[in-house]
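Here's the structure we're looking at; comments come further down.
The values are calculated or read from the model by the stated rules, or taken from the named source; none is laboratory data. Nothing here was measured: the structure is a model prediction, and the numbers come from that model. Cβ placement follows ideal geometry from the backbone for every residue including glycine, while neighbour counts extend to all protein chains displayed. All accessible areas refer to the heavy atoms of the entire protein, side chains included, with ligands and DNA or RNA removed. Shrake-Rupley method; radii C 1.70, N 1.55, O 1.52, S 1.80 Å.
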Amino acid sequence: MTRLRRKALVALFLFTLFIFGTMMGLRTLKPSDGFSDLAPGMDFIGDKSERRRLDVKDVVVSPGQFHMGSSDTKVVFTKSDRDYSIFYDVHIFYYLWYGSPSMDNKYIHWDHVLVPHWDPKIAASHAQGRHTPPEDIASSFYPELGPYSSRDPKVLESHMAQIEAAAAVLVLSWYPPGVADDHGEPTEDLVPAVMDTAHRHSIKVAFHIQPYKGRTDQSMHDNIKYIIDYGKHGAFYRFRSSTGRVLPLFYVYDSYLTPPESWAELLSAKGSHSIRGTPYDGIFVALIVEERHKHDILASGFDGIYTYFASNGFSFGSSHQNWKAIKAFCDANNLLFIPSVGPGYVDTAVRPWNNHNTRNRVNGRYYETSLQAALSVRPEIVTITSFNQWHEGTQIEKAVPKKTVTRLYLDYLPNQPVHYLEITRQWAENFNKEKDKWLM
């Protein structure tokens, strides 16, 4: 009798363990039932031979892949010194805010503070202070390049080689000259170096305009003029609109912080300082977080909507289950819908209280599930969050196993450091083939 009781208890324990494991696995792939409280916003590849700058004779437009009235994303470039192409309908968010003592005399962003919860009672139960690189960095993963500086030319070269391998457009996180996020320092002076390095790898660069103190429709008018001056550069990205116009494309982060009536002064044809029909016109894409934002985006005069966050279920916009409805709204109102996907999400290295928004990578399955969800709504463009947002664990940049006295970092094992770059390229190719079918 005792033996049967023992066997029954063992069986019950194993069953319970199986159910727990299954639920944790599903958690990484399914959206949460409701809207989660928003966390405060962040409100080396082997040396290759020197590539020639893009030349007319190096460019091949794939047959049937340039359509009037479609976007320039359907143009596929093939260079004679490599055996693969770059597709311009996949855009990857890229950050320039990192610093290290060798280039910047100190660590920047790798030593990020542990952001306290807004509720003092919750904040008191979590660690405080800041990280102490190089052993303790503000990320749950550890970069193959170590805690690098974005100013290091070797780092830029490595990054562009990795993005080239992933076959995508680089979307540069941008602040005006002399302005930075709350935890960093100005980096606008680095943009020419990014553009030059990107151009050597046939990568196009678009801009992700960040919120900054005093950002208004008026200041944005000045920002747009400033950025469009980069338009003479061969790496500057342009998009062919539905009217056939070829225009720069801008992502505007936290666009909802400015009222629709203010945006309309800039983005509607009758606005007091409208850029429509001027040399500074463009395709402007706003961030949707809450459902109501889609109506504000339409009233503002934006040309499209993107979702940014890589945590499925984190917001209305980032929830895969809502993308079909958002796409329908966009189609009905002549707006682009650009869903954002990522390989996973874990920001507890900077927000230790935000574990409920963690999305495990499951060796790439979460990423592929997200990519499939994006392709299922037939978007014109898909964005990847991110190449190197290490704080939020959304990076596809190469990471390596790392263990220190106080930290055990997550890694990509049993896969190689290039795993997420390879997945990105594979899905970029799939996306390109699928778009050809949609247009038949």
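A quick yes/no check of all residues on (1) of a type outside the set (Asp, Glu); (2) open to solvent by 30 Å² or more (accessible area, probe 1.4 Å); (3) more than 15 Å from the chain's Cα centre (by Cα):
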residue: 361; (1), (2), (3): yes, no, yes
residue: 386; (1), (2), (3): yes, no, no
residue: 403; (1), (2), (3): yes, yes, yes
residue: 414; (1), (2), (3): yes, yes, yes
Test residue 333 against the criterion of being open to solvent by 40 Å² or more (accessible area, probe 1.4 Å) and polar (S, T, N, Q), and give yes or no.
yes
Checked pairs for segment 314-326, first open to solvent by less than 10 Å² (accessible area, probe 1.4 Å), second not in a loop (DSSP other than H, G, I, E, B), C-beta under 6 Å and 6 or more apart or across chains, list as 314/357; 326/337
Taking segment 335-353 on its own, how many of its residues are over 17 Å from residue 420 (Cβ atoms), touching a Ser or Thr at 6+ places or on another chain (Cβ under 6 Å) and not small (Gly, Ala, Ser)?
2
Cβ-Cβ under 8 Å pairs, at least 6 apart or on other chains, segment 282-302 side among the hydrophobic types (A, V, I, L, M, F, W, C), far side open to solvent by 60 Å² or more (accessible area, probe 1.4 Å)
286/256; 287/256; 289/256; 299/261
Going through (1) under 18 Å from the mean Cα position of the chain (by Cα); (2) under 28 Å from residue 128 (Cβ atoms); (3) open to solvent by 30 Å² or more (accessible area, probe 1.4 Å) one by one, residue 348 fails only at (1)
State the number of residues belonging to segment 221-248 that are open to solvent by 80 Å² or more (accessible area, probe 1.4 Å) and touching a strand residue (DSSP E or B) at 6+ places or on another chain (Cβ under 7 Å).
1
Checking residue 296 against (1) of a type outside the set (Lys, Arg); (2) assigned to a strand (DSSP E or B); (3) touching a helix residue (DSSP H, G or I) at 6+ places or on another chain (Cβ under 6 Å): exactly one of these is not met. Which one?
(2)
Quick check on residue 434: is it in contact with a helix residue (DSSP H, G or I) (Cβ under 8 Å, 6 or more places away or on another chain), open to solvent by 30 Å² or more (accessible area, probe 1.4 Å) and not β-branched (Val, Ile, Thr)?
yes
Go through (1) over 18 Å from the mean Cα position of the chain (by Cα); (2) open to solvent by 10 Å² or more (accessible area, probe 1.4 Å) for residue 202 and report which single condition fails.
(2)
Somewhere in segment 415-431, is a residue out of contact with any Ser or Thr (no Cβ under 7 Å at 6 or more places or on another chain), outside any loop (DSSP other than H, G, I, E, B), closer than 28 Å to residue 207 by Cα and basic (Lys, Arg)?
yes
Scope segment 137-154; condition in a helix (DSSP H, G or I) and in contact with a helix residue (DSSP H, G or I) (Cβ under 9 Å, 6 or more places away or on another chain); matching residues
153
Which residue, of 164, 185, is acidic (Asp, Glu), open to solvent by 20 Å² or more (accessible area, probe 1.4 Å) and in contact with a strand residue (DSSP E or B) (Cβ under 9 Å, 6 or more places away or on another chain)?
185
Which condition number does residue 369 fail, the rest of (1) assigned to a helix (DSSP H, G or I); (2) within 15 Å of the chain's Cα centre (by Cα); (3) hydroxyl-bearing (Ser, Thr, Tyr) being met?
(2)
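This table checks each residue for (1) at pLDDT 95 or above; (2) under 15 Å from residue 99 (Cβ atoms).
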residue	(1), (2)
116	no, no
119	no, no
122	no, no
126	no, no
140	yes, no
162	yes, no
180	yes, yes
210	yes, no
